[in-house]
Amino acid sequence: MSEPKAAVPKAVRVMLGIGLLLLAALGVIGWSILQKLPDFSKLTPDIAATNFATWRAETVIPAEGTKMEVALIKATPKFKRNSNISWAGYELPLGTTRSSIQVPATFRYFVDLSGDWQLVFDEAENHWQVQAPEIELFTPVAFETGEIQRQTKSGWARWDQQDNLEALERKLSSMLSDHGLKQEQIKKAQEAAKPAVEKFVRNWMLSQGSGSEVKIDVKFGNSKNETTP
């Protein structure tokens, strides 16, 4: 004869029942949340921009401000200064003093989280087109003072090589900023920044229930002023 099965204690049955009820309730809540999540392919640019702006505002850390670093480029630009002596509008044949500085520098670029962001869903290509604000440069530009390479030479009848070099060095900070804002440097920064901006936008989409497979095409406000040669 087989032994009778032990009865499940009443307390255990109650706990199981409560657990099943909680699971059912969570399922209903989860479904209702999913129903309220936006269909990204149907969002108008205005609604998407408003939704995204709200999320950006919530992600801003007051101590860090609204400047989000998106690219870091190391370069070693070279700057030159040539000088001649003139008198009464005529250049005197005393030779040209030539000085140059080559300096390793780090150019850091950012976009403004409170700037103008535009989002449009491209149905034909089945992806989101995102235009971020213009790429901007953090200033002053950091550089390695101990690794600056200097060259200077006076004209054949002059003794001002050191003065010419010092005049060049006094403008180093502004020259580095100007270099970092050149169109070719901005293009490099844009390419380097795209993955960071795409990740930022994707985090917003994921927080809203969008899948990670959504394609995102990133452009910047600077691009609208570019012309094709």
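The values are calculated or read from the model by the stated rules, or taken from the named source; none is laboratory data. Here the structure is a predicted model, which is why all the values come from computation and not from measurement. Here the Cβ is made from the backbone with ideal geometry for all residues, glycine too, and neighbour counts use every protein chain on show.
How about segment 102-145: which of its residues are assigned to a loop (DSSP other than H, G, I, E, B), more than 21 Å from residue 218 (Cα to Cα) and among the β-branched types (Val, Ile, Thr)?
The answer is 103, 139, 141.
What residue, among those in segment 50-82 that are in contact with a Leu (Cβ under 8 Å, 6 or more places away or on another chain), of a type in the set (D, E, K, R) and not in a helix (DSSP H, G or I), is nearest to residue 105 (Cα to Cα)?
Ranking the qualifying residues of segment 50-82, first place goes to 80.
Is it fair to say residue 139 is modelled with pLDDT under 90, polar (S, T, N, Q) and either surrounded by 13 or more Cβ atoms within 10 Å (Cβ to Cβ) or within 16 Å of residue 79 (Cβ to Cβ) (or both)?
Details: modelled with pLDDT under 90: no; polar (S, T, N, Q): yes; either surrounded by 13 or more Cβ atoms within 10 Å (Cβ to Cβ) or within 16 Å of residue 79 (Cβ to Cβ) (or both): yes.
Here the answer is no, as residue 139 does not meet what is asked.
Just a yes or no: is a residue in segment 155-175 closer than 30 Å to residue 62 by Cβ, part of a helix (DSSP H, G or I) and out of contact with any helix residue (DSSP H, G or I) (no Cβ under 8 Å at 6 or more places or on another chain)?
Filtering segment 155-175 down to residues closer than 30 Å to residue 62 by Cβ leaves 173.
Add one more test, that the residue is part of a helix (DSSP H, G or I), and what stays is 173.
After this cut, where a residue has to be out of contact with any helix residue (DSSP H, G or I) (no Cβ under 8 Å at 6 or more places or on another chain) as well, the list is 173.
Within segment 155-175, one or more residues are closer than 30 Å to residue 62 by Cβ, part of a helix (DSSP H, G or I) and out of contact with any helix residue (DSSP H, G or I) (no Cβ under 8 Å at 6 or more places or on another chain).
Quickly run through segment 216-229 and pick out the residues that are modelled with pLDDT of 70 or more and either of a type in the set (Gly, Ala, Ser) or surrounded by fewer than 12 Cβ atoms within 10 Å (Cβ to Cβ) (or both).
Hit for segment 216-229 is 221, nothing else.
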